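The values are calculated or read from the model by the stated rules, or taken from the named source; none is laboratory data. Here the structure is a predicted model, which means the values were calculated and not measured. FYI the Cβ positions are ideal-geometry reconstructions off the backbone, even for glycines, and counts take in every protein chain you see.
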């Protein structure tokens, strides 16, 4: 199945839901549209982008989100441009993690990536300010001023960051990445800035798994906020009180 | 006390030139390793996305910590006004400078983008310990530089005590900063404990003094100058006290970690079944780095032995490097605890102990930085009047009876 | 004294002469860069300004884009490349470092090293994969019109400003 036929953006998903007769008033739809940002407008702190992952729907062995991220951002996969790096040295923006309960043997599966903390340790420790958080909560590396000290990798509790161990070629124009700098999940900032949805979420939905949701945590009427309110969710390493932008149900 | 004459070494003996040549070769190997790593990228090293800091950081942090400790003798003379240490204060301060420069060189050359050093110097994130450290390191170089100048320039001698005070406080902050690089890392079980900062300060005392002892005794014996028993005795007992203090801090650090159940995993890893890390901890850090040197320093049989003190100092350095390896690499090898009570597996090597094997270029870079420090001090004593001609008991001890 | 003064004056004269002649000899040996023709008909600013200050605009824009998420096209490096280093009719495209590449041609000549393309793509996106230039098309969903997928800024403007009234 090709990407084009099946991918469902957040907006279209909502549209279908409305057509299906769910209680989404036209006003909500209009509100969403009014929230959309023009290219010349900066990211705003009135938004906080986040993700919700329903681990009960995340299938062990499925890695559609990972593949979609690789295609979108040009890392790893079959055509990896890290040809010299050992597997332990290759970048991973998102990975599927299998959890087995030590006592009960219960097995779970979930995608793990940058958790886009409100108080990110990587941003705290970065000497130059290359590690940064945008106004809308997306945590990024400004590779223009990253010196490659890797202190952020020491500080990240989620092992979300990767260092590029070799010269890269054929990067994707939307996702610059290169030797000697650190990188991680950008929440597909290039898509979000175009009022789109991260590739992983899109892939998960279009394949019909619907284990991932993306949206504005600051907007009480967003699908993600409603779900969070209704079902609740957990932060990984909640003890650190980082207030992550990525939340999990069922762990 | 008589007036001491400070003299440069002649520096034309074949032994001296051979020393320079050997150190120079190591520096050259380090430089070659840097160009090799910089050209290819870090894939040629053993470092990875699992163990992000490797053997270069072991050497770099060790040298930076030692730099602060090498200032001990100068600090004791100026801050605590112990006149007997004063003759060796200039050497102590210059050694502190060269050790710091060697350590920083390694750190900078290991960066992913060493070409952007200027960025690190111009853009500061003031919440970052690293950024603070860059200010602390540069400040240390400046303050100790001024201190050396005040000591060497007769007209400025009267101010040297104030510069000594400033240097003393600065070095305490500096080593606190170095310890805090690890102590403030909340993510990893082996770190995240405030005792790391004072522990690093105490370790700096021991490691720095050990290097200072070796350098001093080497200079005095190779140049046929006299180093009396009085000053020797001070250096020996001082090292003994510092070894004891390090022992205390290492014990308290592990007791703190052992008390909380959530840290039992990492403690078990370091102390019981961590393979190389357990070996390096018990054999390297504890037995070689603390117990044997303690015996060499305190046992009456070795009280007058210069060789015993040099051996003890060499062992303290070996123990210090082991400690840095266990702290820096062991701390990363142990997996992040993200899901308590669960076994975690992934394609990104979650769960499980992370493997690390240092590659030759990394090792060469680390050793090259160490050699650079020693090369600089070897050259400094040839071009600067740093060392008194004669430190025999008769020269420095007012109570000496011949 | 007078002799030596005269001598130094002579030396200075020679030196000035040499400096004046030097560029001529250099120009004679190294041909001026051949600047490839851009795909579009007009640049975002006059050529004289761009030639001198392109880096200023790029630096400013990079801050805005990375730090604030402003994604206007005017000073975007991606757009420069899309226009100035477009593939030819046979789909062949110059790579960075080669004298045919728009950036390299001058930078090689002036011996000014740039590291932009250690991270950034030196050629436009594969059009099979993405289509960022055609306004109205979604950058993420090739071949699909935006009204089905992600809304473009223009569409949004119509929807929000005019949509209600009409």
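Within region B:127-143, does at least one residue satisfy the condition of being over 22 Å from residue B:378 (Cα atoms) and not in a helix (DSSP H, G or I)? So far as region B:127-143 goes, yes, one or more of its residues are over 22 Å from residue B:378 (Cα atoms) and not in a helix (DSSP H, G or I). Restricting the search to helices (runs of 4 or more DSSP H) fully inside region B:1-108 and requiring at least 2 residues that are within 14 Å of chain A (Cβ to nearest Cβ) gives B:14-40, B:55-70. Candidates are the residues of region A:117-168 that are within 26 Å of residue C:96 (Cα to Cα) and part of a strand (DSSP E or B); the one that is farthest from the other protein chains (Cβ to nearest Cβ) is A:141. When residue C:115 is tested against (1) at positive phi; (2) surrounded by fewer than 18 Cβ atoms within 10 Å (Cβ to Cβ); (3) touching a helix residue (DSSP H, G or I) at 6+ places or on another chain (Cβ under 9 Å), only condition (1) is not met.
Within region A:168-183, identify whether any single residue is under 27 Å from residue B:193 (Cα atoms) and touching a residue at least 40 places away in the same chain (Cβ under 8 Å), and answer yes or no. Scanning region A:168-183 turns up at least one residue that is under 27 Å from residue B:193 (Cα atoms) and touching a residue at least 40 places away in the same chain (Cβ under 8 Å).
Every test in (1) free of Cβ contacts under 8 Å to residues at least 24 places away in the same chain; (2) more than 30 Å from residue A:166 (Cα to Cα); (3) surrounded by 15 or more Cβ atoms within 10 Å (Cβ to Cβ) is passed by residue B:17 save one, and that test is (3).
Which members of region B:331-373 meet the condition of being more than 11 Å from every other protein chain (Cβ to nearest Cβ) and on the phi > 0 side of the Ramachandran plot? B:352 - this is the single residue of region B:331-373 that is more than 11 Å from every other protein chain (Cβ to nearest Cβ) and on the phi > 0 side of the Ramachandran plot. Can you confirm whether region B:177-185 contains a residue that is in a loop (DSSP other than H, G, I, E, B) and within 14 Å of chain A (Cβ to nearest Cβ)? Yes - at least one qualifying residue is present in region B:177-185.
Screening region B:112-124 for residues that are at pLDDT below 95 and outside any helix (DSSP H, G or I) and picking the one that is farthest from the other protein chains (Cβ to nearest Cβ) gives B:124.
Within the set A:137, A:245, A:180, the sole residue that is crowded, with 19+ Cβ neighbours inside 10 Å, at negative phi and at pLDDT 95 or above turns out to be A:245. Tell me, yes or no, whether region B:210-224 has at least one residue that is within 14 Å of chain A (Cβ to nearest Cβ) and touching a residue at least 60 places away in the same chain (Cβ under 8 Å). Within region B:210-224, not a single residue is within 14 Å of chain A (Cβ to nearest Cβ) and touching a residue at least 60 places away in the same chain (Cβ under 8 Å).
Residue by residue, here is whether (1) part of a strand (DSSP E or B); (2) under 18 Å from residue A:68 (Cα atoms); (3) in contact (Cβ under 8 Å) with a residue 12 or more places away in the chain holds:
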{"site": "A:203", "(1), (2), (3)": "no, yes, yes"}
{"site": "A:209", "(1), (2), (3)": "no, yes, yes"}
{"site": "A:221", "(1), (2), (3)": "no, no, yes"}
{"site": "A:225", "(1), (2), (3)": "no, no, no"}
{"site": "A:236", "(1), (2), (3)": "no, no, yes"}
{"site": "A:239", "(1), (2), (3)": "no, no, no"}
{"site": "A:247", "(1), (2), (3)": "yes, no, yes"}
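Taking the criterion of being outside any loop (DSSP other than H, G, I, E, B), surrounded by fewer than 20 Cβ atoms within 10 Å (Cβ to Cβ) and out of contact with any strand residue (DSSP E or B) (no Cβ under 8 Å at 6 or more places or on another chain), the residues of region A:37-72 that qualify are A:57, A:67, A:71.
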